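Below is one structure, written out as structure tokens; comments come after it.
Just so it is clear, none of the values below were taken in a lab; they were calculated from the coordinates. In this text the structure is predicted, and so the values were computed from the model without any measurement. Every residue, glycine among them, receives a Cβ derived from its backbone with ideal geometry; neighbour counts consider all protein chains shown.
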Amino acid sequence: MGPGVTPRLQACLLGNLNAFVLDYVVRQKIGNVNLNFFIIEQLPVLPPDAYVQRCPWNKRQALEKWVSDRVLKLTCTANDMRPLAEAAGFHPPVHKWNPAERAELLAELDAAYFLLYGIERDDMEYILSTFQGLRNQAAEPGMFRQGSAIVEAYERLANDSV
């Protein structure tokens, strides 16, 4: 990472790389099991300056803070992640593991990235339908990212950004 790339921006990159929308693009680009660097260079990863903008669904904070707060809550769940949390100014540095909260945070992040990429609801539902794991999930809430939770979060964030 270059100069000026803060730990919070790195957390935003982590959120972007783990989003269903980017995963879908990757699956369209690879023809086998190898993910070569020339493919990685073609991926539509959001640039760092995209996170400087105001959050479309929460105008009171920058997109960087909105995304990174969620990524850090998902990531900093043990003492070995304390250095990252402290470098990012995340308090408390260790976030308690809560399966239901984690499912909600994951759904919000995925919905946010669908919106940031300009994906319409019908296209989002199609993309989610291509993930085998979302169709065959256990019914136990909070254990997996559920497609319906992502759709609900998408609707909530889209309505707040109007």
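With K and R counted +1 and D and E -1, the other residues having a Cβ less than 15 Å from that of VAL25 yield a net charge of -2. As a length-normalised measure over Cα pairs under 8 Å and 6 or more apart, the relative contact order of the chain settles at 24 percent. For the options ARG54, ARG102, ARG27, a Gaussian network treatment of the chain with springs between C-alpha atoms closer than 10 Å singles out ARG27 as fluctuating the most. Which label marks the calculated value of Kirkwood radius over Cα pairs in Å, given the options [x] 16.7; [y] 15.9; [z] 18.2? Of the listed options [x] 16.7; [y] 15.9; [z] 18.2, [x] comes from this structure. Label sites at ILE30 and ARG156, each approximated as a point 7 angstrom past Cα along Cα to Cβ, lie 3.2 nm apart. The 3J(HN,Hα) values that the Karplus relation (6.51, -1.76, 1.60; θ = phi - 60°) gives for the range 112-117 are, in residue order, 4, 5, 4, 5, 5, 7 Hz. Gly and Pro appear as x.
Within the chain, what is the number of lysine pairs with alpha carbons under 23 Å apart, leaving out pairs fewer than eight places apart on the same chain? Walk me through the numbers before you get to the answer.
On the way: LYS59/LYS73; LYS65/LYS73; LYS65/LYS96; LYS73/LYS96.
Number of lysine pairs found: 4.
Computed from backbone phi, the HN-Hα couplings of the range 52-67 come to 6, 5, 5, 5, x, 9, 8, 5, 7, 9, 6, 4, 4, 5, 4, 5 Hz, rounded to whole numbers (Karplus: 6.51 cos²θ - 1.76 cosθ + 1.60, θ = phi - 60°; Gly and Pro given as x). Each label was represented as a point 7 Å from its Cα along the Cα-to-Cβ direction; for GLN132 and LYS96 these points are 3.8 nm apart. Each of THR6, ASN32, TYR51 was scored by the projection of its Cα onto the charge dipole of the chain, and the greatest displacement toward the positive side belongs to THR6; charges sit on the C-beta of Lys, Arg, Asp and Glu.
Using the rule -39500 (n - 2.57) for each DSSP H run of four or more residues, divided by the residues of the chain, the 222 nm mean residue ellipticity is -16500 deg cm²/dmol.
Were the residues from GLN42 through ALA62 laid out at 0.36 nm apart, the gain over their Cα-Cα distance would be 4.5 nm. Under a Gaussian network description of the chain, with springs only between Cα atoms under 10 Å, the residue in LEU116, LEU63, LEU13 that fluctuates furthest is LEU116.
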